[in-house]
Amino acid sequence: MKIIICDKTEKEYIEQMRAAGLTVDVRDDITPEQLLVELPNYEGMVVRSRTKVRKDLIDVCPNLKVILRGGAGLDTIDHEYAKEKGITVMNTPLANSKSVAELAIGYMLMMARSLYKASATMKAEKWEKKAFNGDEIGGKTLGLIGIGNIGKEVTKRALAMEMTVVAYDPYVKEMAGVKLVSLDELLAQSDYISLHLPKTKESSNMIGKEQFAKMKNGVRIVNCARGGIVNEEALYEALTSGKVAGAALDVFNEEPPTDWKLAKLDNVIASPHIGAATKEAQARVGAEVAEKLIAFAKK
C-alpha cells in the first residue's frame, strides 16, 4: 500500500510502517494545490490539523482507501462523504487526551493566579506584588461541556485538586465523581467552564450571548476543543463587559485568526492550537497511526 504523510509524524513510526511493507512518502510541507495533483497516486493518507480533506479533494482520488487523522477530531475531513465513497476514515482519539487535559488545567491555574500578567510585569522590571491577589481553584466548581476521553482526563486532575466537577454530555449516562447536569444547570453553577467536544452542526456556536447571560458573573472559560463552538463575538462582549473574568483559548474560528482583537484582550490567554504539542502526545499519535495503518494494510 502506498501512503502519503501530509503532516508532521514521528520518524520512528514512519520507519515502522516501511518495515511492515508499506511504501511511505513524507510530504509534510505539501500545499493544497500540490495535494490535488499528487493524492490520486496514493491509497492512503495521514493528516493532522494542517491538512484539510474536503469533497473536492476526495473526488479526484479514485485509488484512496484510507484517511488517518492523527488526533481526536474529524472536523478537518469530510468524513461522511469519504465513507460514502468507500474510504475508511480513522483517527487516534486517545493519544492526545492527557496533553490537552494538562493544558486545560494549566490554563485554569494561570487565570486563577494571573500568572500571565504577573510574568509580563516582571519582564517589564516591575515589582507589583500587591496587584496579584488570586484565587485557589480548589473548592471551585468546574463545568465540563463534553466528557469523552479528554474530559475524563481533566476530571481526574480537577478532582485531585479538590474541585467539584459537573458535566453536560448527552451521550454519557453516568461518571464516577461527576454530577451530570443539563447545560443550563452547568452554566449557572460553574466557576470555570472547559469545553471538550467535537465541532459538529449541533455544537457550532452552542455557547453564545444567551448562554453567557446564564453564567455566573466572573466565570472563566477554557476552550481547548475547537474554534467555532464558542461564538467569538459573544465571548468578546462578555469579556469586555466583565461578565466573563477571563478566557483561555487554544483554538479559534479561523486559524490563524484574521481578526486578533479577542486574543489581544488583557483578560485572555491565547495559544496557537498547541493542545497536543507535547513530545509524549506526538509519540503516542505516531505509534497509533503506524499500528492502525499496518493493520489496515493486512486486511
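The values are calculated or read from the model by the stated rules, or taken from the named source; none is laboratory data. None of these values were measured; they are calculated from a predicted model. Positions of Cβ are backbone-derived with ideal geometry, glycine not excepted, and every protein chain shown enters the neighbour counts.
Observations
- In segment 194-204, the residues that are surrounded by fewer than 22 Cβ atoms within 10 Å (Cβ to Cβ) and in contact with an Asp or Glu (Cβ under 9 Å, 6 or more places away or on another chain): PRO198, LYS199, THR200
- Condition check for MET122: outside any loop (DSSP other than H, G, I, E, B), free of Cβ contacts under 8 Å to residues at least 60 places away in the same chain and surrounded by 16 or more Cβ atoms within 10 Å (Cβ to Cβ): no
- Residue in segment 274-295 that is loosely packed, with under 15 Cβ neighbours inside 10 Å, under 21 Å from GLY151 (Cβ atoms) and of a type in the set (A, V, I, L, M) present: yes
- Evaluation of ASP169 against (1) in contact with a helix residue (DSSP H, G or I) (Cβ under 9 Å, 6 or more places away or on another chain); (2) surrounded by 21 or more Cβ atoms within 10 Å (Cβ to Cβ); (3) among the acidic types (Asp, Glu) (one fails), failing number: (2)
- Single residue of LEU22, LEU36 found to be more than 16 Å from ASN91 (Cα to Cα), out of contact with any strand residue (DSSP E or B) (no Cβ under 8 Å at 6 or more places or on another chain) and not aromatic (Phe, Trp, Tyr): LEU36
- Number of positions in segment 101-119 that are without any contact (Cβ under 8 Å) to a residue 24 or more places away in the chain, more than 16 Å from ASN267 (Cβ to Cβ) and of a type in the set (A, V, I, L, M, F, W, C): 0
- Count - residues of segment 127-179 that are among the basic types (Lys, Arg) and in a helix (DSSP H, G or I): 5
- Check on TYR116, more than 29 Å from VAL24 (Cα to Cα) and assigned to a helix (DSSP H, G or I): yes
- Residue under evaluation VAL100, criteria (1) at pLDDT 95 or above; (2) closer than 28 Å to ALA188 by Cβ; (3) over 17 Å from the mean Cα position of the chain (by Cα), criterion not met: (3)
- Screening VAL24 with (1) over 29 Å from THR200 (Cβ atoms); (2) outside any strand (DSSP E or B); (3) out of contact with any Pro (no Cβ under 8 Å at 6 or more places or on another chain) gives one miss only, at (2).
- Selection within segment 79-99 - in contact with a helix residue (DSSP H, G or I) (Cβ under 6 Å, 6 or more places away or on another chain), among the hydrophobic types (A, V, I, L, M, F, W, C) and farther than 17 Å from GLU288 by Cα: ALA82
- Of the residues making up segment 258-271, just one is part of a strand (DSSP E or B) and in contact (Cβ under 8 Å) with a residue 60 or more places away in the chain, namely ILE269.
- Within segment 32-68, the set of residues being buried (at least 20 other Cβ atoms within 10 Å of the Cβ), at pLDDT 95 or above and of a type outside the set (A, V, I, L, M) comprises TYR42, GLY44.
- Filtered residue count, segment 180-214, keeping only those that are under 21 Å from the mean Cα position of the chain (by Cα), part of a loop (DSSP other than H, G, I, E, B) and β-branched (Val, Ile, Thr): 1
- Condition met for GLU255 (surrounded by fewer than 18 Cβ atoms within 10 Å (Cβ to Cβ) and outside any loop (DSSP other than H, G, I, E, B)): no
Every residue, every condition in (1) modelled with pLDDT of 95 or more; (2) assigned by TED's automatic domain parsing to the domain that holds ILE105; (3) within 26 Å of MET90 (Cβ to Cβ), yes or no:
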site: VAL251; (1), (2), (3): yes, yes, yes
site: PRO256; (1), (2), (3): no, yes, no
site: TRP260; (1), (2), (3): yes, yes, no
site: ALA263; (1), (2), (3): yes, yes, no
site: VAL285; (1), (2), (3): no, no, yes
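- Only one of the numbered conditions (1) touching a helix residue (DSSP H, G or I) at 6+ places or on another chain (Cβ under 6 Å); (2) among the basic types (Lys, Arg); (3) surrounded by fewer than 16 Cβ atoms within 10 Å (Cβ to Cβ) is not met by ARG220, and that is (3).
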